[in-house]
1. Give me the pairs: first residue in the stretch 60-86 and at positive phi, second residue among the aliphatic types (A, V, I, L, M), beta-carbon distance under 8 Å, and six or more apart or on different chains, which are they?
2. Give P230, P273 a once-over and let me know the one that is more than 19 Å from S128 (Cβ to Cβ), surrounded by 16 or more Cβ atoms within 10 Å (Cβ to Cβ), at pLDDT below 90 and not basic (K, R).
3. Test of understanding: among G189, G182, G164, which residue is more than 19 Å from the chain's Cα centre (by Cα), surrounded by 15 or more Cβ atoms within 10 Å (Cβ to Cβ) and either at positive phi or at pLDDT below 90 (or both)?
4. Looking only at the stretch 113-135, count every residue that is more than 30 Å from F204 (Cα to Cα) and modelled with pLDDT of 95 or more and tell me the total.
5. Among the residues of the stretch 290-329, count how many are touching a residue at least 40 places away in the same chain (Cβ under 8 Å), part of a helix (DSSP H, G or I) and surrounded by fewer than 24 Cβ atoms within 10 Å (Cβ to Cβ).
6. Hey, any hits in the stretch 330-347 for a residue that's at pLDDT 85 or above, in a loop (DSSP other than H, G, I, E, B) and open to solvent by less than 40 Å² (accessible area, probe 1.4 Å)?
7. With the structure loaded, tell me whether A262 is at pLDDT 60 or above, over 30 Å from C26 (Cα atoms) and aliphatic (A, V, I, L, M) or whether it fails that test.
8. Do you know which residues across the stretch 251-302 are within 12 Å of the chain's Cα centre (by Cα), among the β-branched types (V, I, T) and more than 17 Å from L147 (Cβ to Cβ)?
Amino acid sequence: MSDPPQLQPYTTEGEKAVLQKLARSCNAIFLGEHYLTAKEGGKEGGEEKDQILAARIVEELQKYKPKDAKLTLGLEMVQQKFQPALDAYIASPPSSPSSPLTMTAEDEALKVATEWDARNPSSLPSSSSFASYIPLLHFAREKKIKLLALGLESEAISKVREVGLEGLSEEERGRYVLDPGGFISSVKGKEFKLYAERFIIPGFVARAASTSSAAFAAAATREGAPVTPPAGGGGRGGGRREGGLSPAKFLAARILWDESMASAAVRHLQQNPKDLIVLLVGAEHIKFGMGAPARLERLLASAQVPTATGRGQVKSILLNPSPQDSGSETKRLRLTLGYANNLEKCRPLADYLWWSDYPKVAWLEHPQNPISTPYSGDDTLFQVFSGVK
């Protein structure tokens, strides 16, 4: 990574070339989406802006993937226990809606079968409407693309946020953590500690300070199990808070969430090593690379998944980021968590940044001239995509 990090814009032809490269060199591509919170830079269709952009990217990747590969779409918004509902949805003959955005009877049945409203209530910051995903779901049904449930179950999140990882049963630990040794060692490195200190724990503090007691309790458990909200603003440490959610348990739930999604993806790739899996997950899980992407990379290596020659990479695309979204304290995007001596171990905000509309120039740090072919130098150089056509 260059120091300071730089942004490499692409022309429309450059976008096409990079998507072709990604489709043919990756086993997994993370798309980091945002939910109900309005982001700086405007909205399109409410919270649907990211989902519309994700649908466009998925359609292009389906077009460019190798002929011997199938595309699989992973959805964090559907919890893993509801995989049979996704399978039934794709297997059933599609209706003919009056428009691509119209809910069909099959869509309604899927919404009920996955307990969408109960497990993704609109009061949560990590929630989005079912209707936002209709274009993606209809495209998947039309092309018979497998849908993979990625979300960690509400019950497991509640246990960990209340008790810690020890609250999980042996069966649950085995299901969510395929590589216990790697799971433990992954949090010991200097780079992860920097990531947790500067990104995860401040998120806990901000949530505690800005959310009402009732809303915080619901967000902490995703099911409304009673917890005591932390007193506003205190502490970066992992000390226990009696009867409530502590920074340590918040962190434990977060890393388990990331690990469980990576585990679900690697299970699929073990059985289908030529597949290209696109994982649509919350932006918080991919920023700065130390969440789900790093965990999937580690699991692919430890499981020795026999990927096809020339494939096997894991890349991330962050959709419609803003400076605030990147944890910046200025008007510019924060491109990495650490600079100077910390830069070597740090990852970029994402491998690729993609906006639905051209971003504000003031957001961009050291932008280069647009190019029309994939950048062939340092793979960690930031990439900027413009949605303008």
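The values are calculated or read from the model by the stated rules, or taken from the named source; none is laboratory data. Since the model is a prediction, treat every value here as computed from it, not as a measurement. Ideal geometry is used to build each Cβ from the backbone, glycine not excepted, and the neighbour counts take in all protein chains shown. Heavy atoms of the whole protein, side chains included, go into the accessibility calculation; ligands, DNA and RNA do not. Shrake-Rupley method; radii C 1.70, N 1.55, O 1.52, S 1.80 Å.
1. Final answer for the pair search is none.
2. Working: P273 fails: at pLDDT below 90.
Only one candidate passes the filter, namely P230.
3. On the way: G189 fails: surrounded by 15 or more Cβ atoms within 10 Å (Cβ to Cβ); G182 fails: either at positive phi or at pLDDT below 90 (or both).
Testing whether each residue is more than 19 Å from the chain's Cα centre (by Cα), surrounded by 15 or more Cβ atoms within 10 Å (Cβ to Cβ) and either at positive phi or at pLDDT below 90 (or both) leaves just G164.
4. Start the filter on the stretch 113-135 by keeping residues that are more than 30 Å from F204 (Cα to Cα), which leaves 113, 134-135.
Keeping just the survivors that are modelled with pLDDT of 95 or more gives 113.
Of the residues in the stretch 113-135, 1 are more than 30 Å from F204 (Cα to Cα) and modelled with pLDDT of 95 or more.
5. The total comes to 4.
6. Filtering the stretch 330-347 down to residues at pLDDT 85 or above leaves 330-335.
If we keep only those that are in a loop (DSSP other than H, G, I, E, B) as well, we get 330-335.
Checking which are open to solvent by less than 40 Å² (accessible area, probe 1.4 Å) leaves us with 333, 335.
So far as the stretch 330-347 goes, yes, one or more of its residues are at pLDDT 85 or above, in a loop (DSSP other than H, G, I, E, B) and open to solvent by less than 40 Å² (accessible area, probe 1.4 Å).
7. Values: at pLDDT 60 or above: yes; over 30 Å from C26 (Cα atoms): no; aliphatic (A, V, I, L, M): yes.
Against the criterion (at pLDDT 60 or above, over 30 Å from C26 (Cα atoms) and aliphatic (A, V, I, L, M)), A262 does not qualify.
8. I286
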